[in-house]
Structures are given as C-alpha cells and as structure tokens.
1. Which order do Thr49, Thr83 fall in if you start with the one that has the fewest other Cβ atoms within 10 Å?
2. Can you work out ³J(HN,Hα) from phi for every residue in the stretch 28-38, in order, using Karplus 6.51 cos²θ - 1.76 cosθ + 1.60 and θ = phi - 60°, giving whole Hz and x for Gly and Pro?
3. Determine, for Met56, Met27, the number of other Cβ atoms within 10 Å of each Cβ, and report the residues in order from fewest to most.
4. Residue by residue through the stretch 107-114, what is 3J(HN,Hα) from phi via Karplus (6.51 cos²θ - 1.76 cosθ + 1.60, θ = phi - 60°)? Round to whole Hz and write x for glycine and proline.
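What follows is calculated from the coordinates using simple rules that are stated; it is not laboratory data. Keep in mind the model is a prediction, meaning the values are calculated, not measured. Positions of Cβ are backbone-derived with ideal geometry, glycine not excepted, and every protein chain shown enters the neighbour counts.
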Amino acid sequence: MKRRFSTRAAFSLVEVALAMGIFAFCMIALLGILPAALGASRKSLDFTTSSHVAEMVSSRIQQNGAQVDSSQNFHFDDEGNETAADSAIYHATVECRSAGSASLLLLKIAVFRNVSSEKLHFSYLIFNP
C-alpha cells in the first residue's frame, strides 16, 4: 500500500522557533530604546512649554510698560497657563535691565520645571516707550 503525504503547507518547528527568536530580538531592541525616546520627548515638551511661558511673561511685561521688580516670579501649570504658586509646575523668574538706551530693556527670563531641573534661559530685547 502506498503511503500518502499530506499536501498541506505548514511551518516546521525549527522555522517557528527561528521566527520567534527573531521577533524576540527585535522586541528587546525596541524596548531598549524606549526610555531614551521617552526622555527626548519629555525634554522637547519641557522646552516647548518653557518657550511658551517665556513668551507669555515677555508679552505681559511689555503690556505693563516694562515695569517689573527684579525678583518677580511667575507660576504656570503643565499647559503653560498661569496659576497659583502652590499648584505650579513651571516657574519663571525675570531679570530686567536697560540695554544701552533708555528706551530698550533686556529681559532675562529663566524658566524651570522644579527646583532640581535645569533652567532654560530666554533673553528678549524690548522697546520701552
């Protein structure tokens, strides 16, 4: 009697094991770069929000006729909206001095997320009528 072989196509155990090994290797590589990608994303978000905060502080000072105390502080939430100091995530400190002319002021704005984070410094030259 002749033996019939099945004509159905299938993967062998070796092929399945090899495919699983390649898949596991790729997943480990992807999971290895995930923390670096999340850190870069966080820094980018902090820089964008800090830039927005500095622009808001600068425009407020311009609207108020550039009258600012040397120790004035501003406080913002995680979306860049002004808030109370106790619920703030971003803090901005302002240093204001004249820049060569009586009508020009140099604003140095330092924005930081919390006490232990690095400060991002922004400088603006504004016209003081």
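1. Thr83, Thr49
2. 5, 5, 5, 5, x, 8, 4, x, 5, 5, 5
3. Exposure proxy ranking, most exposed first: Met27, Met56.
4. Going residue by residue, I get 9, 10, 10, 10, 10, 9, 7, 8 Hz, with x marking Gly and Pro.
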